[in-house]
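Colleague: Below you'll find the structure I mean.
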Amino acid sequence: MNIFKTVSDWIDEDDIDIITRRNVILGNPKFGKSTYGRLCLQIFTKKKFPLTYIDPGGIAASIRCTQDNVVIIGGEYGDVELNQVDKVLPVLMDKEVNFIVDTFELDDEFNKEIVGDLFEFFFNWHREYRRVRKYIIDECDYYVPQYHFDRTCKANIIRCVSKARMFGMGFDFITQNFTMIDKTVLKMVDNHLIFNMSDPIDLKRIGELLGERVDSKIKHLAVGRCLIYNKKDKYTYTVDEPESPSAGSTPRLHVKVEKLDILELNPRLQDLIK
Ligand SMILES: Nc1ncnc2c1ncn2[C@@H]1O[C@H](COP(=O)(O)OP(=O)(O)O)[C@@H](O)[C@H]1O
Ligand SMILES: [Mg+2]
């Protein structure tokens, strides 16, 4: 175990590979998965690496407390309403602007429909342009569940993941219900970021997934610590806290978040989304 390794170092490199990595982020609630997502959003936005954040918890908009160059679509702090998404998407993608899609306020059916349509658009866009962009999907078990009758949203996302390498798409799938997410997704990822996990069934499954039992390490991980597991590497990492405040963590889902002081959107981007 090397305590000097941080997740920031892991994602803060000048390399196309960083954007196109496919990761799954697993762990118990409140151990820092969404915080990792917000840190990633912050680093990518600062470096102008293109990124899209699918945010069903409505927690990512807080990045705009410190950064004015990321567009928020939907939600309480939205720069653009969700029903305008079709209009702004091609511009944001073309200009490599980072954006958050806040689906917190949507009802179940419409939420999945919107996200399903988005990934249909992303698939076609990347197929045509072959440019790189990273996608973070928080609470992903909601969009790519193992069992669900409505398969369109899941099918559209999986189609993207299966062509990710060829099309230049990277993914972060974040979930606290890893036994609930689609197995195809789990098999297609390059890296597993594992936060504290304690359920014996989860631990057994994670052992099967990684090919070795890592129970004792995972059970004792503190908040903000994770094990990054891939073919080359197997280390415990520390997740730095993002500069932006936490607007709400997972247990506060569906509870109104505290009012934030959001910066004005960068004037250059204001023109783009008019
Ligand atoms: N890297 C970290 N350093 C310090 N505190 C953290 C860190 N990650 C998470 N926390 C604390 O834990 C809470 C829950 O984190 P969150 O990322 O929302 O968890 P999860 O998404 O896994 O449920 C945060 O509000 C914060 O107070
Ligand atoms: Mg969370």
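Quick note: the coordinates plus some simple rules give every number you see, no bench work behind them. Predicted, not measured: the structure shown is a model, and the values here were computed from it. Here Cβ is always computed from backbone atoms with ideal geometry, including for glycine, and neighbour counts include all displayed protein chains.
Colleague: Arg213: loosely packed, with under 14 Cβ neighbours inside 10 Å, more than 16 Å from ligand 2 (Cβ to nearest atom) and either among the β-branched types (Val, Ile, Thr) or not in a helix (DSSP H, G or I) (or both), yes or no? Write out each step before concluding.
Modeller: On the way: loosely packed, with under 14 Cβ neighbours inside 10 Å: yes; more than 16 Å from ligand 2 (Cβ to nearest atom): yes; either among the β-branched types (Val, Ile, Thr) or not in a helix (DSSP H, G or I) (or both): yes.
Yes, satisfied.
Colleague: Let me ask something else. Count, please, the residues in segment 182-197 that happen to be without any contact (Cβ under 8 Å) to a residue 60 or more places away in the chain and either surrounded by 15 or more Cβ atoms within 10 Å (Cβ to Cβ) or within 16 Å of ligand 2 (Cβ to nearest atom) (or both). Let's see the steps before the verdict.
Modeller: Filtering segment 182-197 down to residues without any contact (Cβ under 8 Å) to a residue 60 or more places away in the chain leaves 182-184, 187.
Retained after the next criterion (residues that are either surrounded by 15 or more Cβ atoms within 10 Å (Cβ to Cβ) or within 16 Å of ligand 2 (Cβ to nearest atom) (or both)): 182.
Residues flagged as without any contact (Cβ under 8 Å) to a residue 60 or more places away in the chain and either surrounded by 15 or more Cβ atoms within 10 Å (Cβ to Cβ) or within 16 Å of ligand 2 (Cβ to nearest atom) (or both) within segment 182-197 amount to 1.
Colleague: Of all residues in segment 3-39, which are within 13 Å of ligand 1 (Cβ to nearest atom) and in a helix (DSSP H, G or I)? Walk me through how you get there before you give the answer.
Modeller: So the first thing to find is which residues in segment 3-39 are within 13 Å of ligand 1 (Cβ to nearest atom), and the list is 6-8, 25-39.
Correct list: Val7, Ser8, Lys33, Ser34, Thr35, Tyr36, Gly37, Arg38, Leu39.
Residues are listed down the side, and each one gets a yes or a no for (1) in contact with a helix residue (DSSP H, G or I) (Cβ under 8 Å, 6 or more places away or on another chain); (2) closer than 20 Å to Ile273 by Cβ:
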position: Val7; (1), (2): yes, no
position: Phe31; (1), (2): no, no
position: Thr35; (1), (2): no, no
position: Arg64; (1), (2): no, yes
position: Val80; (1), (2): yes, yes
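Colleague: Are any of the residues in segment 41-62 out of contact with any helix residue (DSSP H, G or I) (no Cβ under 6 Å at 6 or more places or on another chain), at positive phi and within 15 Å of ligand 2 (Cβ to nearest atom)?
Modeller: The answer is yes, given that some residue of segment 41-62 is out of contact with any helix residue (DSSP H, G or I) (no Cβ under 6 Å at 6 or more places or on another chain), at positive phi and within 15 Å of ligand 2 (Cβ to nearest atom).
Colleague: Given (1) touching a residue at least 24 places away in the same chain (Cβ under 8 Å); (2) under 28 Å from Phe167 (Cα atoms), where does Ser62 come up short, assuming only one miss?
Modeller: If we test Ser62 against (1) touching a residue at least 24 places away in the same chain (Cβ under 8 Å); (2) under 28 Å from Phe167 (Cα atoms), just (2) comes out false.
Colleague: A follow-up question, please. Show the residue pairs that are 6+ apart or on different chains and have beta-carbon atoms under 9 Å apart, the first residue being within segment 198-210 and closer than 22 Å to Lys231 by Cβ, the second being among the basic types (Lys, Arg) and assigned to a helix (DSSP H, G or I).
Modeller: What qualifies is Leu203/Lys219; Leu209/Lys187.
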